[in-house]
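Have a look at the structure below before the remarks.
The values are calculated or read from the model by the stated rules, or taken from the named source; none is laboratory data. Please read all numbers here as calculations on a predicted model, not as lab measurements. Positions of Cβ are generated from backbone atoms using ideal geometry, with glycine treated the same way; all protein chains shown enter the neighbour counts.
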Amino acid sequence: MTSSKLSAAIALSAVLSIASVAGQTARAQTTMVGHNDAAVTLKQDMRKLWTDHVVWTRDYIIAAVGDQPDAQAAANRLMKNQEDIGRAVARFYGDPAGQQLTTLLKDHISIAVDLIKAAKAGDKAAQQNADTRWQQNAGQIADFLSKANPNWPRATLVDLMKMHLSTTTDEVVARLNKNWDADVRAFDAVYDHILKMADALSDGIVKQFPDKFGAKAAATSGAR
């Protein structure tokens, strides 16, 4: 073989090698993008659901405290949100689990309504009773979720739920006291916290169901 032909063969071999590596890299990147897209979509969906949870809770608080005629409409929409969250969970854990979570979350809302009514009426005994039931319900939600997913430790979920109750209570108190600056700060705290809670839930699902998010395939492609 002449030197020119040898050089051409070496060049062609190099081009083919580069093309092969590029193809493998592209496949790995495509798989990873698929993985990231699925996980990101779940995180966005979970954030939307829990954002609706606190936004419609706020809408109800404003209407109920102010004796506005839209309070019942806000309550109805808030209850629908609990059904939406239950359906989202059912995608991974089945319809019975989704329905159970919806029931627990509707109790969470119903008790909150009782608490707001008691606080507005200045009935301290009824308010304390509602708060006790609210805390117990939060523990039940933490129990349910921690049993469904080992990546959701009960202690962590209890802390998340208690913070949710605490920030929501601050919101109710600020509005009842007509402390509008505190009311705004309280909702900022509610919203910031619920995003953390939503992310913790979606992260736990991704870890528990890696096959649904392409994690194994991505790892295999990257190892070539």
(request) Scan region 36-66 for residues that are under 17 Å from D183 (Cβ atoms), out of contact with any Leu (no Cβ under 7 Å at 6 or more places or on another chain) and not hydrophobic (A, V, I, L, M, F, W, C) and jot them down. (result) R58, D59, G66
(request) Could you please let me know if I141 is out of contact with any strand residue (DSSP E or B) (no Cβ under 8 Å at 6 or more places or on another chain), over 19 Å from S202 (Cβ atoms) and of a type outside the set (S, T, N, Q)? (result) no
(request) Among the residues of region 150-167, write down those that are surrounded by fewer than 19 Cβ atoms within 10 Å (Cβ to Cβ) and under 12 Å from L201 (Cβ atoms). (result) N151, T156
(request) Quick one: which residue in A148, A174 is among the hydrophobic types (A, V, I, L, M, F, W, C) and over 19 Å from M46 (Cα atoms)? (result) A174
(request) Test G204 against the criterion of being touching a Gly at 6+ places or on another chain (Cβ under 6 Å), surrounded by 18 or more Cβ atoms within 10 Å (Cβ to Cβ) and touching a residue at least 40 places away in the same chain (Cβ under 8 Å), and give yes or no. (result) no
(request) Take T57 and decide whether it is among the hydroxyl-bearing types (S, T, Y), surrounded by fewer than 19 Cβ atoms within 10 Å (Cβ to Cβ) and either at pLDDT 95 or above or in contact with a Pro (Cβ under 6 Å, 6 or more places away or on another chain) (or both). (result) no
(message) Any residue in region 144-169 that is at positive phi sitting within a Cβ distance under 7 Å of a residue that is part of a helix (DSSP H, G or I) and of a type outside the set (F, W, Y)? List the pairs, counting only those 6 or more apart or interchain.
(response) none
(message) Taking the condition of being in contact with a Lys or Arg (Cβ under 9 Å, 6 or more places away or on another chain), among the acidic types (D, E) and part of a helix (DSSP H, G or I), how many residues in region 119-154 meet it?
(response) 1
(request) Would you check which residues across region 114-132 are within 15 Å of H164 (Cα to Cα) and surrounded by 15 or more Cβ atoms within 10 Å (Cβ to Cβ) and list them? (result) L115, D131
(request) Please work out which one of (1) in a helix (DSSP H, G or I); (2) more than 21 Å from T102 (Cα to Cα) is the condition L160 fails and give its number. (result) (2)
(message) I'd like the full set of residues that are touching a residue at least 40 places away in the same chain (Cβ under 8 Å) and under 16 Å from A112 (Cβ atoms), limited to region 171-192.
(response) E171, V172, V173, R175, L176, F187, V190
